Amino acid sequence: MDNSYEIYSINGPVIGVKGRTDLQMSEMVYVGGNNLVGEVIRIDPELTVIQVYEETTGLSAGEKVIGTGHSMAVTLGPGLLGNIYDGIQKPLAAIASKSGAFLTKGVDTPSIDEEKLWDEKILVKKGDKVFPGEIFAECDETPVIKHRSMIPPDISGEVVDAKPDGKYNAVEPVLKVRTDDGAIKEISLSQKWPIKTPRPVKARLPITEPLLTGYRVIDTMFPIAKGGAAAIPGGFGTGKTVVQHQLAKYADADIIVYVGCGERGNEMTQALQEFSELKDPRTGRPLLERTILIANTSNMPVAAREASIYTAVTLAEYYRDMGYNAAMMADSTSRWAEALREISGRLEEMPADEGYPAYLPSRLSAFYERAGYFESLSGKKSSVSIIGAVSPQGADFSEPVTQNTKRFTRTFWALDKSLAYARHYPTINWTDSYSEYLAELTPWYGKNAAEDFIKCRSEIAAILADESKLNEIVKLMGSDVLPDDQKLTLETARVIRLGFLQQDALDPVDTYCPVKKSYKMMKAILNLNYLASEKVKQHIPMSRIKATGCFDRLIKMKTEIADSDVDKIDDIISEQNEIFSSLK
C-alpha cells in the first residue's frame with residue numbers, strides 16, 4: 001500500500017492533501033524533503049488536513065507527505081533526565097552538536113542516546129509470566145534516580161528469553177515474550193507512547209498528602225495535594241516564572257518536568273542556565289539529575305507549542321508509573337491556548353469567546369485530568385501534579401483561559417500586580433486565592449504537623465479577611481478613627497503579611513520554610529494577637545502595646561531563626577507572655 005501523497009495546499013503550519021487517502025486521524029506523518037514532523041487533524045472526503053510541528057518556510061505544493069501508521073508519540077526510556085527538549089521531544093543539545101546554534105528543520109536525532117550503555121539488573125527470567133506495566137529491569141539513570149524499565153501496557157505473556165545482568169543500550173532487545181495469542185514480542189529498555197493518550201493505571205486513589213513547596217502562603221493557606229492541579233494566573237511582572245522556578249527547586253516531588261511553552265527566549269535561556277547551576281536541596285547534587293526541561297520559545301513553530309504540553313505530561317506519567325511522584329510545571333498555558341486559537345483560525349473553524357476555539361474547555365479539562373494520585377499497573381502508588389501558569393492579558397482574570405482553568409483546577413494562586421509593585425513576593429493574593437484540597441489534607445496536617453494546624457490557619461485567614469474589610473474604612477477616613485480592637489486587627493494582619501506571607505527567595509534562611517516552622521510562626525502570631533486583645537479589653541491603648549516591640553520582633557523571625565532552630569520560636573512566645581503579664 002502506497003502511503004505517500006502530495007501536498008495540495010499550505011497555510012502556515014497547516015497543509016492539505018487532496019483526495020481520499022489511507023491516513024488516519026492523529027497519525028504522525030513526515031512532510032516534504034526535510035521530513036518535517038506533522039499530525040493528521042482532519043479528514044474530509046476531498047481533503048486531509050495536517051498540522052506541521054516544524055517551520056514550513058520553503059515548503060511547496062507537490063512535495064511528498066509520508067504516513068507512518070502510528071500516532072504522534074514520544075520515546076520513553078533511560079536517558080530522559082537532565083535532557084533539554086523542544087516541543088516534540090527533539091533533544092536540543094544533540095541538535096546543536098550536529099547543526100550548530102540555530103535549529104535546522106527536519107533534523108532526525110533520537111530523543112534519547114541510543115548508543116549509551118546502561119548497567120541493567122534484569123528482574124525476570126525465562127519462564128516467568130509478565131503483565132502490563134511490570135518492572136523487568138533497573139539501572140541508575142542518575143546518581144539520585146533509579147530507572148525502572150516496564151513491560152509495555154499492551155503486552156503480557158511468558159518470557160521465552162531473558163538476557164543476564166549487564167550493560168545494554170536503550171533500543172536492543174533484552175526480553176522475548178510469547179504473548180497470550182502466541183506472538184513473540186521483543187522488549188527493549190525503551191518504548192513509545194502517543195502523547196495525547198493518558199498512560200493506563202490500575203486505579204485512581206483518593207488524595208491524602210500535600211505537595212509541600214516551602215512557600216508558607218502555599219503550604220499553610222492554599223495547599224496543593226500530591227496528584228493535584230493548580231493554576232497560577234498573573235499579569236506581566238507578577239512573578240509567575242519565579243514561583244514556578246521555586247516550586248521546581250523545592251517541591252516535594254521526585255521528578256520535575258518543566259515546560260516553557262511559548263515564553264520569551266531570554267526567559268527560557270535564564271531558566272535553562274539557572275537549572276543547570278542549581279543544587280538540589282534534597283541531595284546536594286545538581287537539580288538537573290531529576291529534572292526534564294522542555295523549551296518551546298515564542299519564536300519556535302506555533303504547532304509545536306501545542307504538542308509541548310502533551311509531551312511534558314506524558315514524560316511525567318512515565319516516571320509516575322515507576323513509582324515516583326512527578327510534578328509538571330507549565331509556563332504558560334495561555335501561550336498553548338493561543339496556539340490552539342491560531343491553528344483553529346487557519347482551519348476556518350467557528351470561533352468562541354475572544355476567538356478561542358469552542359473546544360478550549362474540553363482540551364483544558366483533558367489536560368488537567370491527567371493529574372492525580374494513582375495505583376500503577378505494577379501496583380505502585382504515585383502521583384502526577386500539574387501546576388499551570390496563566391498569562392491573562394492586562395491581568396484580566398475574566399478572560400476565557402483563566403476562567404476555564406479555574407473550572408478544572410482545585411487550587412488557584414492569584415498573583416496580584418499591586419503586591420508586585422509593593423515588592424511583596426510571592427505576589428499570591430490571599431483574598432482571591434483558594435484551595436479546595438483543605439478538607440482532604442486536614443488529617444495529614446493533624447498527624448504530621450500539629451493537631452490544631454488547620455485551626456491556626458483558619459484564624460490567620462479570618463484576621464486577613466477582617467483586615468480587607470477594615471481597609472475600606474481606612475481608605476475613606478484613615479486608621480485614627482478606628483477603635484483599638486480594630487487597630488489591633490490591622491497591626492496583626494501587617495505582621496502576617498510581612499512576617500509570614502512575604503518570603504525572600506534570595507535569603508538562605510527564608511527561601512524555604514518547613515511546615516513545622518510555619519506552624520510555630522502561626523502560633524507566635526496568634527499568641528501575640530490573643531495577649532494584645534486581652535490588654536485592649538483592659539483599656540490599655542494600642543500605642544503602648546505596639547511600643548513593646550513584640551510585633552516587629554515577629555516580622556524578623558522568618559530570617560533570624562533557621563529551620564533547625566524552630567524551637568527558638570517557643571522562646572519568643574515565652575517572652576511575649578512575660579512582657580504582657582507585666583503590662584499594666
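Annotations
- Within-11-Å neighbourhood charge of A422 [Cβ basis; K, R +1; D, E -1]: +2
- The label point for K192 and the one for D507, both projected 7 Å from the Cα toward the Cβ, are 5.3 nm apart.
- Computed over neighbours whose Cβ is under 13 Å from that of R290, the net charge equals -1, Lys and Arg +1, Asp and Glu -1.
- Long pairs among K121/K226; K116/K192; K98/K279; K167/K192; K447/K558; K125/K185, criterion Cα-Cα beyond 27 Å: K121/K226; K98/K279
- Ranked packing of 274-284, 294-304, 430-440, most packed first, by mean Cβ within 10 Å: 294-304, 430-440, 274-284
- Our helix-only sum for the chain, with -39,500 (n - 2.57) per DSSP H run of n ≥ 4 divided by its residues, gives a mean residue ellipticity at 222 nm of -10500 deg cm²/dmol.
- As a fraction of the 1.4 Å probe accessible area of the chain, surface on carbon and sulfur atoms comes out at 50 percent.
- Peptide ranges 389-400, 86-97 listed from the most packed, as the mean C-beta count within 10 angstrom indicates: 86-97, 389-400
- Relative contact order, whole percent, for segment 113-189 stands at 32, derived from Cα pairs under 8 Å and 6 or more residues apart.
- Near L315, once Lys and Arg are set to +1 and Asp and Glu to -1 for all other residues with Cβ below 15 Å from its Cβ, the sum equals +3.
- In sequence order, segment 490-507 has phi-based couplings of 5, 5, 5, 5, 4, 4, 4, 5, 7, x, 10, 6, 6, 9, 9, 5, 9, 7 Hz under the Karplus curve 6.51 cos²θ - 1.76 cosθ + 1.60, θ = phi - 60°, and Gly or Pro positions carry x.
- Area of W413 that stays accessible when all protein chains are in place (1.4 Å probe, Å², to 10): 0 Å²
- Here the contact order of the chain, divided by its residue count and restricted to Cα pairs under 8 Å and six or more residues apart, works out to 13 percent.
- Vicinal HN-Hα couplings computed from phi for segment 435-442 (Karplus, 6.51 cos²θ - 1.76 cosθ + 1.60; Hz; Gly/Pro x): 9, 9, 8, 4, 4, 5, 8, 3
- Per residue solvent-accessible surface (Å²) - the chain, probe of 1.4 Å: 42 Å²
- Taking all Cα pairs closer than 8 Å and separated by 6 or more residues, the relative contact order of segment 435-523 comes to 32 percent.
- Tensor-based shape of segment 203-435 (alpha-carbon gyration tensor, a/c under 1.5 rounded, otherwise prolate or oblate): rounded
- Listed values (1) 42, 33, 20; (2) 50, 29, 19; (3) 69, 28, 24, entry calculated as semi-axes √(5λ) of the Cα gyration tensor in Å: (2)
The values are calculated or read from the model by the stated rules, or taken from the named source; none is laboratory data. These numbers were taken from a predicted model, which means no experiment stands behind them. Cβ atoms come from the backbone with ideal geometry, glycine included; neighbour counts cover every protein chain shown. Calculation scope for accessible area: heavy atoms of the full protein, side chains included, ligands and nucleic acids excluded. Shrake-Rupley method; radii C 1.70, N 1.55, O 1.52, S 1.80 Å.
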